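Encoded as structure tokens, the structure appears first; notes follow it.
The values are calculated or read from the model by the stated rules, or taken from the named source; none is laboratory data. Predicted, not measured: the structure shown is a model, and the values here were computed from it. FYI the Cβ positions are ideal-geometry reconstructions off the backbone, even for glycines, and counts take in every protein chain you see. Quick note on the areas: whole protein, heavy atoms, side chains included, nothing else; ligands and nucleic acids left out. Shrake-Rupley method; radii C 1.70, N 1.55, O 1.52, S 1.80 Å.
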Amino acid sequence: MYFNGVYHLFYQYNPYGSVWGNIVWAHSVSTDLINWIPLEPAIYPSKVFDKYGTWSGSATILPNNKPIILYTGIVDAKNTQVQNYAIPADLSDPFLRKWIKPDNNPLIDADVNINKTQFRDPTTCWLGQDGYWRTLIGSLWGNKGMAILYKSRDLMKWTKVQQPLHSVDGTGNWECPDFFPVLLRGTNGLDASYKGKNIKYVLKVSLDVTRFEYYTVGIYDTKKDMYIPDKTSIDGWKGLRLDYGNYYASKSFYDPSKNRRIVWGWANESDTVNDDVKKGWAGIQTIPRKVWLDSSGKQLVQWPVEELESLRGHKIQLSNRKLNKGDKIEVKGITPAQADVEVIFSFSSLDKAEPFDPNWANLYAQDVCAIKGSTVQGGLGPFGLLTLASQNLEEYTPVFFRVFNAQDKYKVLMCSDASRSTLENAKTMYKPSFAGYVDVDLTNKTLSLRSLIDHSVVESFGAGGKTCITSRVYPTLAIYDNAHLFVFNNGTETIKIESLNAWSMGKPKMNWSFGHSSY
């Protein structure tokens, strides 16, 4: 949340180890979303209503400029879940270090029609035109995922609305729901309680079964308290994802200081638990992203917050460079293990786009990427970046495009393939070929790509942020000064680098202080 000039990040954290357990609400603050001060935990198990765990939830800034947190408490060894609240102990403290959990908790118990062990993660509250506050709680019944809706006049006494705001058969448990309005035009964000016209709504859920984030765009019928996805939004496992890679449990918030909505997701580790123990930590927050509705009205667009550019250091540029089949050009003069790269590719013709196999129609994009990887010669593509690469390409994580001719249209596949990212080969390592399709107009015969590279993570944004993919990778050779970055083309169609801008990235401050406070 953003409160009185300070950003507050609350996150699930185990203070006693680098494996899951003993979960508290850790708390860090910042004035720029980049440099952070860690504080003492804001919420931790201490009461009968959260003795066995303090799980996810959300913050809401009330009209009197007072924040309130709703969170899930675990009350017994059977994993029974309830919804609690916490408030700041001292609003004059600029960092809101201490939070109080009043004795009238829990606010919401599961009734007989709710699975009490799958009932968690309340959303930011929004105020309806009828004067009632509302919040959503993720759950399931049988195998039907659902976002259960509750209403309250005063945020203390809550009533369940008879039907869920939305539910979908066969999707399993819904975690970390997020529900917010978006403008039909422009990139500005909206507060959750916005009541104006010319808006759509977005419902995002984290699917426990697949461990991916899905969303739809639609309308919110405020009279019936129901969300209806647009016909252009697939509702389920084949639907749009916020990120097609290692990205989960995201949460968005409205930032009034810059009139934007920011979404922030979690990327867990993909190596072994033993590696996590050796590191002494596990899981990272990705770079915060500004999010808005694409001009088509069909999907979201995401882009790293502008503050990230403050970390940019030495810059190198390439332009008007051709890449014939099999060519690769090394990007030298920056720190490839920690870099920000923006590139625009162009091509003179779509004629060499290879046919899209009808047998792939029911496959996920990542399955097609596994078949048509970066080394499989194509027509128009594969072309893109080889990130975190060793000198002789024993290790590399390619991020690339491939264009297919699907009879009446062209399909653009974007991949971030971790399968060759490391020589480590533990059976429990997760090294998939992440991929998504990019809904982009190829009339001008260009495609853009931005990749943020940071040692064990590659966050990539295709076509200005229409398709996003995060990969967690653990090279053994391509580390620190031994990492390399290449631009490549393995298609028969010549690709031109219209422009490439790459920056060495500095390190943010993670244990520093404002003024007299020190940690």
Subject >> Members of Lys352/Lys431; Lys157/Lys231; Lys290/Lys315; Lys204/Lys224; Lys290/Lys372 lying beyond 26 Å, as alpha-carbon distances in this model show >> reply: Lys352/Lys431; Lys157/Lys231; Lys290/Lys372
Original post:
For the chain, what ratio Rg/Rh do Cα atoms give with a Kirkwood hydrodynamic radius?
Top reply: 0.97
Original post:
Given a 1.4 Å probe, how much area per residue of the stretch 348-440 is accessible, in Å²?
Top reply: 44 Å²
Original post:
How long is the stretch 148-211 along each principal axis, judged by its Cα atoms, biggest number first, in Å?
Top reply: 34, 33, 16
**OP:** Evaluate the distance, in nm, between pseudo-label points positioned 7 Å from the Cα of Asn482 and of Asn14 along their respective Cα→Cβ axes.
**Re:** 3.0 nm
**OP:** Report in % the part of the accessible area of the stretch 196-336 that belongs to carbon and sulfur, leaving out ligands and nucleic acids; probe 1.4 Å.
**Re:** 51 percent
Original post:
Which value, in debye to the nearest 20, gives the size of the charge dipole of the chain about its Cα centre, when Lys and Arg are +1 and Asp and Glu are -1 at the Cβ?
Top reply: 740 debye
Subject >> Sequence-distant aspartates and glutamates (8 or more away, or on other chains) whose Cα lies within less than 14 Å of Lys66 >> reply: Asp90, Asp93, Asp154
Original post:
How much of the accessible area of the stretch 1-129, probe 1.4 Å, is carbon plus sulfur, in whole percent?
Top reply: 53 percent
**OP:** For the stretch 1-156, state what percent of all Cα-Cα pairs lands in each successive 5 Å bin, counting from 0 Å until the bin that includes the largest distance.
**Re:** 2, 9, 18, 21, 20, 16, 10, 4, 1, 0
Original post:
Projected onto the charge dipole of the chain (+1 at Lys/Arg Cβ, -1 at Asp/Glu Cβ, origin at the Cα centre), which of Leu423, Tyr7, Val48 gives the Cα projection farthest towards the positive end?
Top reply: Tyr7
Original post:
Going toward the positive end of the dipole of the chain, with +1 on Lys and Arg Cβ and -1 on Asp and Glu Cβ, which of Ser295, Gly333, Gln81 do you reach last?
Top reply: Ser295
Original post:
Among Ala502, Gly378, Leu203, whose Cα lies farthest out toward the positive end of the dipole of the chain, if unit charges sit on the beta carbon of Lys, Arg (+1) and Asp, Glu (-1)?
Top reply: Leu203
Original post:
What does the charge add up to near Gly297, with Lys and Arg as +1, Asp and Glu as -1, over the other residues with Cβ less than 14 Å from its Cβ?
Top reply: +2
Subject >> Dipole magnitude (debye, nearest 20) for the stretch 313-364, charges at Cβ of Lys, Arg, Asp, Glu >> reply: 300 debye
**OP:** Work out the length of the dipole vector of the stretch 120-204 about its Cα centre, built from +1 on the beta-carbon of each Lys and Arg and -1 on the beta-carbon of each Asp and Glu, and round it to the nearest 20 debye.
**Re:** 240 debye
Original post:
So which cysteines of the chain have no other cysteine's Cβ under 4.7 Å from theirs?
Top reply: Cys125, Cys176, Cys468
Subject >> Stokes-Einstein D (µm²/s) once Rh is taken as the Kirkwood radius of the stretch 246-374 over alpha-carbon pairs, at 10 °C in 1.306 mPa s >> reply: 82 µm²/s
Original post:
Given the pairs Lys258/Lys411; Lys101/Lys151; Lys251/Lys322; Lys197/Lys411, which span a C-alpha to C-alpha distance of over 29 angstrom in this model?
Top reply: Lys258/Lys411; Lys251/Lys322; Lys197/Lys411
Original post:
Near Pro177, within a Cβ-to-Cβ distance under 11 Å, what is the net charge of the other residues, with Lys and Arg +1 and Asp and Glu -1?
Top reply: -1
Original post:
On the first, second and third principal axes, largest extent first, how far apart are the outermost C-alpha atoms of the stretch 82-200 in Å?
Top reply: 47, 43, 26
**OP:** Using the heavy atoms of the protein chains and a 1.4 angstrom probe, tell me the accessible area per residue for the stretch 176-267 in square angstrom.
**Re:** 41 Å²
Subject >> Whether the stretch 382-476 is rounded, prolate or oblate, judged on the alpha carbon gyration tensor where a/c under 1.5 counts as rounded >> reply: prolate
